[in-house]
Structures are given as structure tokens and as C-alpha cells.
Amino acid sequence: MTHSGNGTAVVGAGLVGSLTALLLANRGHEVHVYERRKDPRKVGDAVGRSINLALSERGWRALEKAGAVDAVREIAMPVKARCMHGRDGSLTYQPYGLPGKGRFGHDQCIYSVARGPLNRILLEAAEAKGGVQVHFEHRLSDFRYNADGLTLDFEDQGEVTHKRILGTDGAFSAVRQRMMKTDRFDFSQSYLEHGYKEIAMPPNGQGGFAIDPQALHIWPRGHFMLMALPNPDKTFTCTLFAPFDGPDGFSEIPDAQSARAYFESHFPDVLDLVPNFDKDWNTNPTSSLVTTRCNPWHIENRVLLMGDAAHAIVPFYGQGMNSGFEDARVLSDLLDEYGGDPSQTEWGDIMSKFTELRKANGDAIGDLALRNFVEMRDRTGDPHFLLQKRIERRLADLHPERWIPLYSMVTFSHLPYVDALAIGHIQDGIMAEVMDRPDINSAWDGTEVEHHALELAAQRVPSPANS
Ligand SMILES: Cc1cc2nc3c(=O)[nH]c(=O)nc-3n(C[C@H](O)[C@H](O)[C@H](O)COP(=O)(O)OP(=O)(O)OC[C@H]3O[C@@H](n4cnc5c(N)ncnc54)[C@H](O)[C@@H]3O)c2cc1C
């Protein structure tokens, strides 16, 4: 490669890298995007990882800033409720949010989007702007500092020089790997004892959805669970989350035959709906789930981490991509504050401000995602917990200014994750007291319970959830 000394290198053209490139291009920046994969428009989408994702308010806001809402809306399916499948075949619906308060005149809801098409929309929009060049089949192996900026080394592709790197190369980031050689750079990672495997549920015999397409389906079974999220082509992507080892773990279901018996025993209503079960089971990988944390997210005015490269989280709040999109939007907002093309000194301020604003929030959404794992897996089938959720839902319906459930703060608001987590802890304490009332089962929908919760909230919850 020959070019050198040019503006910004974005390493990784996944979801966050593509959106970041688009936001920079909208501001007239010159951007080179380097991606290790082949161009998906020529070879199809990479297989083997979360085929569809839940997009929510933080993601939409970033897409709005990038001018990509209309294109993404074309491929986004509204998903209005969780549908819990009990062991006895019973179905329990929990709406995600409030009626009429969502985007596009919808109820508050999440949106299922396919990873491949979403990635392509963002990348093509970025490429369509002058100033963005995407270089596929460029795997960053290392970089080093020089007087003009940074020299990036690519496997089999030589080297290039840029002023700065935005590292959006995912959970196992090569950019972060290099930053770990910097003095006093903190890093930790921890794997969940659980992994996941995806199985496709095709359309039914009439060409329609096999199960309710307006819901995210969950089969909670204690220490493991199955989930299903719809796709616009009338398929569902089903994901089994289970421990790698031990009872009911992947090690006990090494082949399609034993996996069939497992599904017959735990998810009997599913097997008939997945005729391709054996093929998918044998072909699709069993993947691991990692949480990473690091600090700082930048080095001087030269390198900045964003998205999973800065904060990989487990997928149980549906916020990995959304928080990465929020990173991209916040960077763009910071650039707005400086206007035009910031100087190298200003880039230093922007990067350090970015770490200051985002690091605590990355940690908080990592904690929230782990906490939601336990909730979805163990508690969504528990009648006491379901009653608590019904009470919270009632409070939110009747007093939307005074009680915002944690899920709503995370999914439907722009409150910093760190504040949502803190308020969530306070609300937990309040609900524990309310649920301890001896009359709770009979009086849960009465004014006494309502006032009890609201009074405690007024004393303990800081605004905005209590304004
Ligand atoms: C099972 C599962 C379900 C999920 N569901 C949701 C959900 O519902 N909602 C949600 O918001 N999030 C969800 N997520 C999280 C979401 O997938 C990630 O947060 C998101 O993909 C992060 O985007 P990213 O661009 O930071 O990283 P990635 O999507 O991982 O993209 C990184 C890119 O960098 C490239 N790259 C890597 N190394 C190099 C290198 N050395 N040189 C050049 N390029 C490189 C990769 O090829 C890739 O294209 C889920 C994750 C999983 C695993």
C-alpha cells in the first residue's frame, strides 16, 4: 500500500466501524476503513454469529444522527413483547414498553434487524460519501508510533500511515492488543460458563411465521434457556444458551441425536417447527460469551477504542450493538463541539473526554447484561417475579414520570447506563419491600400498593425517574 499521512483509520468494518465511518464522512472527514473479511457483497455474509439483533432507542438515535433511519427501518421488524413458554406449554406475554410512546407512532418496542443487511446499509452509505475508502481483506496485525502519526501493519498487505486509529475491531481487538503493551493500560476478560448455538426455524407450511412474530420468545429452564427472534423473511433465529459443561450442558449433547432428545424433553413445542434441526445442530458452532473491560479507551490523540473493542458484553440486554452505536454518536457529538476538522491537540481532548464519558457506562452495561442473564434464565418463569413485573408495569402505566422500569431506562431512554444501573438498584430495594407485604397477592393492583411504592420512590430515587 502506498497512501500515507491521511486522516483517520477505522479498523474493523463491523456494525460500529461502519456507522462511525458514516458519521465521520457526514462531517467531511477523510476516512480509510480496514476490514479483515472479504467484501460480503461479493462472498455473502459471514456465518456463525448472531444472525439477528435487537435494535432499540440508543441505536436509533445514532442512526438518526447518521441519516440512516429510513434505510434501516425498511429491514427492521417491531417486536412488542416477551413471550415466555412454560414447561407445561403455557404462554405468558410481557409487553416491552408503554403503548403509543415508541418511535414511528408504535408502542415502545424493540426491533429485530439482520446483522448482514444492517452492516451493508451502513457501509454502503459511508462509501457513497466522498472521502471514505473501505479496504477489505486487510487484517491489522500491529501498529507503531512515528513522528507523523501511526504506521499500521497488515498481514500480507504491507503498511500504511495515518494520523489516528479508531479501533472498532470487536471483542478480540488487535488494536486493543497493541494498546496492552502501553504502561498502565488495564485489561480484564471473563467468559461465561455458558455458550450458545443458533438454529433456524423456517416459515410454516403456509409460508407464514411458525410462531408469533411480534414477540421475542423465551423458554426459561433455570440454568439454560432457548430464545427465538423473528426475521423479515418469516424465519426465526433460535438460540440455545446452556452451560458448556455439567447437567444440561453442551457436553451432554454432543450430536444431533442427543440434542433432539434434549429438545424433546425441555422444548417439546419447538422440535416439530425446525425440520432442519440435525443439519443446523451439526453445522453451526457452539460459541462462547465474553465480557471485557479495559482502561483507558484511548492513547493520547492517536488511538481510540469503541464498540466491542472497548466493552464486549454478554448479549442478554440486547445492548452490545446499541451501546456501540451510542459510542459512535457520542464521538460525533464531541466532534461537533469542536467544529470543522479538529487539530491534533483537539483530537487528544476529544479522545480523553470520550473515555471519561463512556468508560463507566461501558462497565455499567456490562454489569446490567450479566444481571439480565440471571433474570431471563432463572426468574422469568417464577410467579413471584412475574407478579413484581406486573406491579412495576402498572406503576409505569399509571405514573410514567414517577416509575420508569430499569428495562425501559436501558432500552427506551438515553439516560447514561451508569445512572440506570444505580436507579435500578434502588428500585430493587423498593420492590423487595413492596413484595414483602403480606397482602401482596390479593392487593397488588390496589392503590395502597401503588402509593407504598411511589412514596418510597419519591424518597429514594433521584430524578429523572422521580421527577
Ligand atoms: C449471540 C449474540 C446476540 C447478540 N444480540 C444483540 C442484540 O440483540 N442487540 C445488540 O445491541 N447487540 C447484540 N449483540 C452484540 C453485538 O453483536 C455486538 O455488540 C456488535 O456486533 C459489536 O459491533 P462491533 O462493530 O463493535 O464489533 P463486531 O461486530 O465484532 O465487528 C468487528 C469487525 O472488525 C473486524 N476485525 C476484527 N479483527 C480485525 C483486524 N485485526 N483487522 C481488521 N478487521 C478486523 C471483524 O471482521 C468485524 O467485521 C449480540 C451478540 C451475540 C454474540
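Is it true that some residue in the stretch 79-87 is out of contact with any Lys or Arg (no Cβ under 6 Å at 6 or more places or on another chain), modelled with pLDDT of 95 or more and charged (D, E, K, R)?
Yes, some residue in the stretch 79-87 is out of contact with any Lys or Arg (no Cβ under 6 Å at 6 or more places or on another chain), modelled with pLDDT of 95 or more and charged (D, E, K, R).
How about the stretch 156-225: which strands (runs of 3 or more DSSP E) wholly inside it have at least 1 residues that are more than 25 Å from Leu370 (Cα to Cα)?
Once the strands (runs of 3 or more DSSP E) in the stretch 156-225 are filtered for at least 1 residues that are more than 25 Å from Leu370 (Cα to Cα), what remains is 158-167, 186-201.
With the condition kept exactly as written, say whether any residue in the stretch 106-126 is more than 30 Å from Ser287 (Cα to Cα) and of a type in the set (S, T, N, Q).
Within the stretch 106-126 (the criterion being more than 30 Å from Ser287 (Cα to Cα) and of a type in the set (S, T, N, Q)), the answer is yes, since at least one residue qualifies.
Looking at Arg144, Arg103, Arg115, which is the one that is under 30 Å from Tyr407 (Cα atoms) and out of contact with any Phe, Trp or Tyr (no Cβ under 8 Å at 6 or more places or on another chain)?
Of the residues listed, the single one that is under 30 Å from Tyr407 (Cα atoms) and out of contact with any Phe, Trp or Tyr (no Cβ under 8 Å at 6 or more places or on another chain) is Arg115.
Only residues that are surrounded by fewer than 23 Cβ atoms within 10 Å (Cβ to Cβ) and in a helix (DSSP H, G or I): list them for the stretch 341-352, please. Give the derivation first.
Step one: of the stretch 341-352, the residues surrounded by fewer than 23 Cβ atoms within 10 Å (Cβ to Cβ) are 341-350, 352.
Across the stretch 341-352, the qualifying residues are Gln344, Thr345, Glu346, Trp347, Gly348, Asp349, Ile350, Ser352.
Is it the case that the stretch 221-230 has a residue that's away from the ligand (no atom under 13 Å from the Cβ), more than 17 Å from Gly86 (Cα to Cα) and either assigned by TED's automatic domain parsing to the domain that holds Arg36 or in contact with a Ser or Thr (Cβ under 9 Å, 6 or more places away or on another chain) (or both)?
Checking the stretch 221-230: not a single residue is away from the ligand (no atom under 13 Å from the Cβ), more than 17 Å from Gly86 (Cα to Cα) and either assigned by TED's automatic domain parsing to the domain that holds Arg36 or in contact with a Ser or Thr (Cβ under 9 Å, 6 or more places away or on another chain) (or both).
Can you tell me how many residues within the stretch 288-334 are over 19 Å from Leu415 (Cα atoms) and of a type in the set (Ser, Thr, Tyr)?
Final tally of qualifying residues: 3.
Condition first: among the aromatic types (Phe, Trp, Tyr) and either surrounded by fewer than 18 Cβ atoms within 10 Å (Cβ to Cβ) or more than 28 Å from the chain's Cα centre (by Cα) (or both). Now tell me which residues in the stretch 249-274 satisfy that.
Filtering the stretch 249-274 down to residues among the aromatic types (Phe, Trp, Tyr) leaves 250, 262-263, 267.
The one that is among the aromatic types (Phe, Trp, Tyr) and either surrounded by fewer than 18 Cβ atoms within 10 Å (Cβ to Cβ) or more than 28 Å from the chain's Cα centre (by Cα) (or both): Tyr262.
Can you find even one residue in the stretch 241-248 that is touching an Asp or Glu at 6+ places or on another chain (Cβ under 9 Å) and at positive phi?
Yes, the stretch 241-248 contains at least one residue that is touching an Asp or Glu at 6+ places or on another chain (Cβ under 9 Å) and at positive phi.
What tally of residues in the stretch 140-154 results from selecting those that are within 14 Å of Gly12 (Cα to Cα) and among the hydrophobic types (A, V, I, L, M, F, W, C)?
3
Under 7 Å between Cβ atoms, at least 6 apart or on separate chains: pull out the pairs that start in the stretch 130-146 with a residue that is within 16 Å of Gly170 (Cβ to Cβ) and end on any residue that is of a type outside the set (Asp, Glu) and assigned to a strand (DSSP E or B).
His138/Tyr34; His138/Phe154; Arg139/Phe154; Leu140/Val11; Leu140/Tyr34; Leu140/Leu152; Leu140/Phe154; Ser141/Phe154
Restricting to the stretch 12-32, and then to whatever is polar (S, T, N, Q) and within 19 Å of the chain's Cα centre (by Cα), can you tell me which residue is farthest from Asp333 (Cα to Cα)? Step through it out loud before you land on a result.
Step one: list which residues in the stretch 12-32 are polar (S, T, N, Q), which gives 18, 20, 26.
Next cut, within 19 Å of the chain's Cα centre (by Cα) only: 18, 20.
Working: Ser18: 17, Thr20: 12 Å.
The selected residue is Ser18.
Answer with yes or no whether Arg144 is in the same structural domain as Leu55 (by TED's automatic domain parsing), assigned to a helix (DSSP H, G or I) and either modelled with pLDDT of 95 or more or among the basic types (Lys, Arg) (or both).
Judged against the criteria, Arg144 is not a match.
Give all pairs with beta carbons closer than 6 Å in which a residue from the stretch 93-109 that is hydrophobic (A, V, I, L, M, F, W, C) meets a residue that is outside any loop (DSSP other than H, G, I, E, B); count only pairs at least 6 apart in sequence or on separate chains.
Within 6 Å, the pairs are Cys109/Pro78; Cys109/Val79.
Yes or no, residue by residue, for (1) within 16 Å of the ligand (Cβ to nearest atom); (2) more than 29 Å from the chain's Cα centre (by Cα):
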{"site": "Ala126", "(1), (2)": "yes, no"}
{"site": "Ser141", "(1), (2)": "yes, no"}
{"site": "Asn146", "(1), (2)": "no, yes"}
{"site": "Glu155", "(1), (2)": "yes, yes"}
{"site": "Val160", "(1), (2)": "yes, yes"}
{"site": "Thr168", "(1), (2)": "yes, no"}
{"site": "Ala171", "(1), (2)": "yes, no"}
{"site": "Lys181", "(1), (2)": "yes, no"}
{"site": "Gly195", "(1), (2)": "yes, no"}
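Can you find a residue in the stretch 199-218 that is buried (at least 21 other Cβ atoms within 10 Å of the Cβ), touching a residue at least 40 places away in the same chain (Cβ under 8 Å) and closer than 18 Å to Asp280 by Cα?
Checking the stretch 199-218: at least one residue is buried (at least 21 other Cβ atoms within 10 Å of the Cβ), touching a residue at least 40 places away in the same chain (Cβ under 8 Å) and closer than 18 Å to Asp280 by Cα.
The values are calculated or read from the model by the stated rules, or taken from the named source; none is laboratory data. If you're wondering where the values come from, they're calculated on a predicted model, not measured in any experiment. Ideal geometry is used to build each Cβ from the backbone, glycine not excepted, and the neighbour counts take in all protein chains shown.
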